[in-house]
Amino acid sequence: MTFPSRVPEPYGQNGSANLADILERVLDKGLVIAGDIRINLLDIELLTIKLRLVVASVDKAKEMGIDWWETDPALSSHARRDELSRENAELRARLAELDDGRSRRGPEPAVERGPAREEPS
C-alpha cells in the first residue's frame, strides 16, 4: 500500500512547467506577498502604504478565514439583498416613529394659501 506524498512531484524531466500547473499549485497552497512603503523627510514620516496580497483559491481562502466577498454588496447579490432589507427595515422604523410622534400631537393645522397665480405665457 502506498501513501500519497505531500511533497510535490518535480515537473517533467527537464524541470519545466506550464503556467496552468504553476497557477494550480499557487491557488491550492496560497501565496502571500506583503510589503510596506514609507516616505520620510528629515525623519518625519510623510506617507506609509501597507500592501498585502493574498493569491489563493476560494476554498483555500475560506480555509484561512477570508470570506469578505460574501458580505460585500458590490460582489454578492445575497449581500446586496440583505443590505436593502436592512435599509428598508430602518426606514420603516423611522417612518413609524414619525407617525407615532404626529399622532400624539394631534392633526396638523391646515395651512391657508392664497389664490393660485397664473404664469404669464
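The values are calculated or read from the model by the stated rules, or taken from the named source; none is laboratory data. Everything numeric in this text was worked out from a predicted model, so none of it was measured. All Cβ positions, even for glycine, are placed from backbone atoms using ideal geometry, and neighbour counts span all protein chains on display. Protein only, heavy atoms only, side chains kept; ligands, DNA and RNA dropped before computing areas. Shrake-Rupley method; radii C 1.70, N 1.55, O 1.52, S 1.80 Å.
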**Q.** Selection within the stretch 61-90 - hydroxyl-bearing (S, T, Y) and surrounded by 11 or more Cβ atoms within 10 Å (Cβ to Cβ)
**A.** T71, S76
**Q.** Test: residue in the stretch 108-118 that is β-branched (V, I, T), modelled with pLDDT under 90 and within 30 Å of V26 (Cβ to Cβ)
**A.** no
Q: For the stretch 34-90, enumerate the residues that are under 30 Å from I22 (Cα atoms) and assigned to a helix (DSSP H, G or I).
A: V58, D59, K60, A61, K62, E63, W68, W69, E70
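Results for (1) basic (K, R); (2) on the phi > 0 side of the Ramachandran plot; (3) within 20 Å of the chain's Cα centre (by Cα); (4) open to solvent by 90 Å² or more (accessible area, probe 1.4 Å), shown as yes or no for each residue.
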| residue | (1), (2), (3), (4) |
| --- | --- |
| E24 | no, no, no, yes |
| G35 | no, no, no, no |
| R52 | yes, no, yes, yes |
| D59 | no, no, yes, yes |
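So, in the stretch 61-82, of the ones that are among the acidic types (D, E) and under 12 Å from the mean Cα position of the chain (by Cα), which residue ends up farthest from L31 (Cα to Cα)?
So the residue we want is D72.
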